[in-house]
Amino acid sequence: MLKKLFKQEWKSFSLAPTITMILLAVFTVILMTTFMTEFWDQSPNIFMEMFAGLVILAYIFCIAAVSFCVTLCTAVRFYKNFFTDEGYLMFTLPVKTSDLLLSKTFVAALWRFISIICICLSIFGIACVAAAYLSDIGIVQFFQEFFDLFRTAFDMEWLRDSLPIPVSLFFIWLALTGILSLFFDILYIYTCICLGQLFKKHKIGGAILCYFGLRFIFRIFRQILTAPLSNAFLYYDTDKIGTGNWILIMFTTLLVLGGLCTGMYYLCNYLMSRKLNLE
Amino acid sequence: MDISKPIVEIQGLTKIYNGSKLAVNQMNLIIPRGRIIGLLGPNGSGKTTLIKMINGLLVPSGGKVLINGEPPGPSSKAVISYLPERTYLPAGMKVKDIITFFAQFYADFSIERAYNMLQILAIPPAAQLKTLSKGTKEKIQLILVMSRQAQLYILDEPIAGVDPAARDYILHTIMANYDHQSSILLSTHLISDIESILDEVIFIRYGQAIMHAPAEAVRRAHGKSVDAYFREVFAC
């Protein structure tokens, strides 16, 4: 059933993010073409500079739209599917509430991941073409130099020297933190919407209130948790942050993020199955 | 599943909204198998609240609902076909998409039967749900519900918003498509239209079942139709 729910959710979720990503791709190709055809050099004047400024602004808006669209779809689809009339369809399906929640969470996380990759590729593509164009070297040569630099960066002694832990471990931690952060963002939205349903009136207002209220609480919690280490980070000193401390920091981060994700998931599941009141 | 047991058992069921409004009050009820039962009561008597609790859409404040001996959950949802009093179809879908959706999730759903009913009602399968009228959407919902081979059909006001001709078709659809081993729980105000098909009636007032009897017994005992008796009992 989870597979069927996932398939259905993927199909329903895809439309709006796909459109915004196609728009971003088109914009990226156009911008890259303008650099490759030396469009900006043809008649340099004040209007051309203004036009260039507007194009960059529009591109930034496009990137923001992709990110915002996925977040908006995540929130709207969750609310609409479960807490409006569509809830009569979803909650009468012969599936567990946890499956409903899992399918929504995984699809939203996957789309968020895809949107991040698309944004990074877009920025990277434009940056490469622009850099090649500005430095007056060919695009092929630019990529060769870039990848050489990239390879060298990971072989550099300083990276190994500065980290008191194996570099591979650091990157594994980075990847895990990134994945958990994706789920955290989504489950945070879901939790706020579920908590909003506990309000007698103005349930959407309640959800927004929970969004900012919980954010404030989490911020204070983070400050308290990181305060003892902030000085050591501020005045970076490998003697102060030894291998043990590094591993402790990494483990704590994963534990806290993982714990929050699990807690929010179970809270949503509890509220959706034990406190459901579709009026 | 023990077929000698009733399909639904309700014991001391209570629902209080917002901590003060009592909608269902210590209700005890048994819904047997193979019967068409009218759930009858004035507005605000607790019919829809009771139906939602059977379907797991509302969490009871007290008491319990058992379907085939189990509380509402995936197994009960697999055997109940529920028609709510509101339109729940996602606007972005096409008629054929929602039929595929039902076929994917309900093992007892018959695609053939659904398309057959669509054809009779001249509803194009490729139509977008958002382009259809409220009445047509209600007919689609009824098609979806009656295309299942469920053990219990719960129909909340199925004929309230449709014209008399469609009303006849709906009643015909219900009668023609349900398996006689199954039960139908039918909530409505329009008793005269459905009285002829009812085996049993349940009268609800102030969230309590004040009467549960065979329709024929009510007619014989009071010398009048169930509709006339309902008007007498619930006279304002």
For region B:143-157, the count of residues that are under 13 Å from the mean Cα position of the chain (by Cα) and open to solvent by 10 Å² or more (accessible area, probe 1.4 Å) equals 2
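Condition check ((1) of a type outside the set (D, E, K, R); (2) in contact with a Leu (Cβ under 6 Å, 6 or more places away or on another chain); (3) over 21 Å from A:Asp185 (Cβ atoms)) across all residues:
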position: A:Tyr59; (1), (2), (3): yes, no, yes
position: A:Ser67; (1), (2), (3): yes, no, no
position: A:Lys80; (1), (2), (3): no, no, no
position: A:Thr84; (1), (2), (3): yes, no, yes
position: A:Thr92; (1), (2), (3): yes, no, yes
position: A:Val107; (1), (2), (3): yes, no, no
position: A:Ile116; (1), (2), (3): yes, no, no
Filter region A:105-145 for residues that are under 30 Å from A:Lys275 (Cα atoms) and touching a helix residue (DSSP H, G or I) at 6+ places or on another chain (Cβ under 6 Å); the one that is most open to solvent (accessible area, probe 1.4 Å) is A:Arg112
Output for Cβ contacts, cut-off 7 Å, separation at least six or different chains, first residue over 16 Å from B:Lys137 (Cα atoms) in region B:154-173, second among the hydroxyl-bearing types (Ser, Thr, Tyr) and open to solvent by 10 Å² or more (accessible area, probe 1.4 Å), reads B:Ile154/B:Tyr82
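Among the residues that make up region A:57-73, is at least one of them within 14 Å of another protein chain (Cβ to nearest Cβ) and open to solvent by less than 50 Å² (accessible area, probe 1.4 Å)?
Checked region A:57-73: at least one residue is within 14 Å of another protein chain (Cβ to nearest Cβ) and open to solvent by less than 50 Å² (accessible area, probe 1.4 Å).
Can you name the residue in region A:255-268 that is open to solvent by 30 Å² or more (accessible area, probe 1.4 Å) and of a type outside the set (Val, Ile, Thr) and, of all such residues, is farthest from A:Phe106 (Cα to Cα)?
Filtering region A:255-268 for residues open to solvent by 30 Å² or more (accessible area, probe 1.4 Å) gives A:255-256, A:259-260, A:262-263, A:265-267.
Cutting the leftovers down to of a type outside the set (Val, Ile, Thr) gives us A:255, A:259-260, A:263, A:265-267.
Numbers: A:Leu255: 20, A:Gly259: 17, A:Leu260: 16, A:Gly263: 16, A:Tyr265: 12, A:Tyr266: 15, A:Leu267: 17 Å.
Checked region A:255-268; the qualifying residue farthest from A:Phe106 (Cα to Cα) is A:Leu255.
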Evaluate region A:75-82: report whether one residue or more is at pLDDT below 95, open to solvent by 30 Å² or more (accessible area, probe 1.4 Å) and within 11 Å of chain B (Cβ to nearest Cβ).
yes
Taking region B:81-97 and keeping only residues that are within 16 Å of the chain's Cα centre (by Cα), open to solvent by less than 50 Å² (accessible area, probe 1.4 Å) and at the interface with another protein chain (Cβ under 7 Å from one of its Cβ atoms), one is left with B:Tyr82, B:Pro84, B:Thr87, B:Tyr88
Here the residues within region B:150-166 that are at pLDDT below 90 and either touching a Cys at 6+ places or on another chain (Cβ under 8 Å) or not charged (D, E, K, R) (or both) are B:Pro158, B:Ile159, B:Ala160, B:Gly161, B:Val162, B:Pro164, B:Ala165, B:Ala166
Of the residues in region B:159-206, those that are within 23 Å of A:Thr92 (Cα to Cα) and open to solvent by less than 10 Å² (accessible area, probe 1.4 Å) number 11
Taking region B:15-61 and keeping only residues that are farther than 22 Å from B:Tyr178 by Cβ and away from chain A (no Cβ under 14 Å), one is left with B:Leu22, B:Asn25, B:Gln26, B:Met27, B:Asn28, B:Gly41, B:Pro42, B:Asn43, B:Ser45
Just one listed residue, out of A:Phe150, A:Phe106, is part of a helix (DSSP H, G or I), free of Cβ contacts under 8 Å to residues at least 60 places away in the same chain and aromatic (Phe, Trp, Tyr), and it is A:Phe150
Exercise for review: Answer yes or no as to whether A:Leu5 is more than 30 Å from A:Phe124 (Cβ to Cβ), in a helix (DSSP H, G or I) and more than 18 Å from the chain's Cα centre (by Cα).
Suggested key: yes
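Could you identify the single residue in B:Val65, B:Val8 that is away from chain A (no Cβ under 13 Å), closer than 22 Å to B:Arg148 by Cβ and free of Cβ contacts under 8 Å to residues at least 60 places away in the same chain?
B:Val65
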Of the residues in region B:98-133 that are surrounded by fewer than 18 Cβ atoms within 10 Å (Cβ to Cβ) and at the interface with chain A (Cβ under 9 Å from one of its Cβ atoms), the one that is nearest to B:Lys47 (Cα to Cα) is B:Ala107
Sole miss for B:Glu138 among (1) assigned to a helix (DSSP H, G or I); (2) in contact with a helix residue (DSSP H, G or I) (Cβ under 7 Å, 6 or more places away or on another chain); (3) touching a residue at least 40 places away in the same chain (Cβ under 8 Å) is condition (2)
Taking B:Ala78 as the residue in question, decide whether it is facing chain A (nearest Cβ under 8 Å) and either touching a residue at least 24 places away in the same chain (Cβ under 8 Å) or farther than 24 Å from A:Leu271 by Cβ (or both). yes
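The values are calculated or read from the model by the stated rules, or taken from the named source; none is laboratory data. Just so it is clear, the model here is predicted, and its values are computed rather than measured. Cβ sites come from the backbone with ideal geometry, for glycine too, and all protein chains shown count toward neighbours. Accessible surface areas use protein heavy atoms only, side chains included; no ligands, DNA or RNA. Shrake-Rupley method; radii C 1.70, N 1.55, O 1.52, S 1.80 Å.
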